[in-house]
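Take a look at the structure set out below.
What follows is calculated from the coordinates using simple rules that are stated; it is not laboratory data. Bear in mind that the values here come from a model prediction, so they are computed numbers and not experimental data. No Cβ is skipped: glycine too gets one built from the backbone with ideal geometry, and neighbour counts run over all protein chains shown.
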């Protein structure tokens, strides 16, 4: 792609371009730093090293780039000191991170295998435990494993990470997620996130967990948007981070900005069913029901296994006059007591504007401790279409949200 377009998309002035080749135990990295405005090469270098030296090489490249940009690395913003795992463990960890963001049942299963492999290869690799915690949270939120099974496991892995490295920001953030979204203990969630955010610099993962799953939950949407933008400055290619920014902008009623962010996700991954669902919600609140239905159909084609996706499509089918197909879809969910099914009905009724019915199903979603509960409670943009509802307004007290006692 054109360097200028890449720089514009990432909101940066310089681009690091390069390649990595591996042969046996040797690795060759070529890198060049390019001024996006005129294409001038500010710096270039080739590195030939043993794979065992890969972490030292990363530091060497970072220092070379800082020198080329004449950047002074202050002591207050020095990179976090990270444990250096053995190379096979690190490779397994990276493969796990690749698969976890694909969000398919198959890719998530592979992510778990790679994280467990990384831990087995290097038991002192705290970050691998933390990422395994993220995995358990992820399978709960997309509906692949009941929260009553997955969230305690997420807590266990986060604590294991802290037993190895008591200051690991990502692990504190994950324990904050569990405290808030599963225990409904928002004081403990705040304490954990305060610990996670106390490190300078704060890792992007910890920042977006804080924004999306704490700040959004307690209603601080503007602060959440600011934090997500900061995280994306540090990791502009993060699909979860950009998707969460789009979702937050939707919640804040900033629909045009939200669409821009969501479409950037789809430019990088056109198979993101969550992004298509977010676009569907974006269109519903603007009264563009035919477009919303088309986006929901696309999401369903990508994730027909996902309860929330089924609920969104069913609701939009009803709104577009196809109640019979909506009923057929909802029947595919099976037993209405199954994990995730109440959440699907909440979403379906919200899309239909049936707030009383959505509130009724919400009680069952709370019983299942589905992690999406606090986020659904912030879908106030639906209420702007259909007016305030006392039953819906009473729900935040059931999960102990601050200011609702």
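Results, tabulated for the structure shown:
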item: Full-extension gain in nm, residue 32 to residue 94, via 0.36 nm per residue minus C-alpha separation; result: 20.0 nm
item: Sequence-separation-based contact order of region 271-405, relative, with Cα cut under 8 Å and 6+ spacing, percent; result: 18
item: Folded to 0 to 90 degrees: helix 289-302 orientation relative to the chain principal axis, Cα; result: 60
item: Scattering profile of region 262-328 at q = 0.16, 0.17, 0.24 Å⁻¹ [log10 I(q)/I(0), Debye over alpha-carbon scatterers]; result: -0.46, -0.52, -0.97
item: Residues of region 287-307 with amide N under 14 Å of the 7 Å Cα→Cβ point at residue 270; result: 298-299, 302
item: Where Rh is the Kirkwood radius over Cα pairs, Rg/Rh for region 176-230; result: 0.94
item: Helix-derived mean residue ellipticity, 222 nm - over the chain, DSSP H n ≥ 4, -39500 (n - 2.57), to 500; result: -19000 deg cm²/dmol
item: Packing rank of 173-179, 156-162, 193-199, where each peptide gets the mean count of other beta carbons within 10 Å, highest leading; result: 173-179, 156-162, 193-199
item: Sequence-separation-based contact order of the chain, relative, with Cα cut under 8 Å and 6+ spacing, percent; result: 10
item: Acute angle (nearest 10 degrees) that the helix 221-234 long axis makes with the longest principal axis of the chain, alpha-carbon atoms; result: 30
item: DSSP-defined beta bridges in the chain - what % are antiparallel, rounded to 5; result: 100
item: Extension reserve of the residue 324-residue 107 stretch, reckoned as 0.36 nm per residue once the Cα distance is removed; result: 74.8 nm
item: Taking region 72-226 and dividing mean pair separation by its residue count, relative contact order in percent (alpha carbons under 8 Å, at least six apart); result: 17
item: Angle between the chain longest axis and helix 147-164 axis [Cα atoms, degrees, rounded to 10]; result: 20
item: Kirkwood hydrodynamic radius over Cα pairs of region 271-405, then Stokes diffusion coefficient at 4 °C and 1.567 mPa s, in µm²/s; result: 87
item: Cα-based convex hull volume of region 203-349 per residue, rounded to whole Å³; result: 108
item: Ratio Rg/Rh [Cα only; Rh per Kirkwood] for the chain; result: 0.99
